[in-house]
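Here is the structure we will look at.
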């Protein structure tokens, strides 16, 4: 019984700790090749990816700055 309780506790800790993490979004200028990294903290991977993709910039339908979650 104690081992089952321990396993449940460990599983819960790992599950909860994996929900909010720090992610890095790398944005690269297509024209100049300049890379910038943005740290996105305390969020889920899906939210970080969405926030990173919102940083993409287009000019006349052509990508000028392309951002990817790394």
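Volume per residue, Å³, of the convex hull around the alpha-carbon atoms of region 20-69?
Details: hull volume 2.6 nm³, N = 50.
Given the Cα convex hull of region 20-69, per-residue volume reads 51 Å³.
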Most exposed to least, judged by fewest other Cβ atoms within 10 Å, 69, 60 sort to 60, 69
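None of the figures in this text is laboratory data; all of them are computed from the coordinates on show. If you're wondering where the values come from, they're calculated on a predicted model, not measured in any experiment. Every residue, glycine as well, gets a Cβ built from its backbone with ideal geometry; the counts of neighbours run over all protein chains shown.
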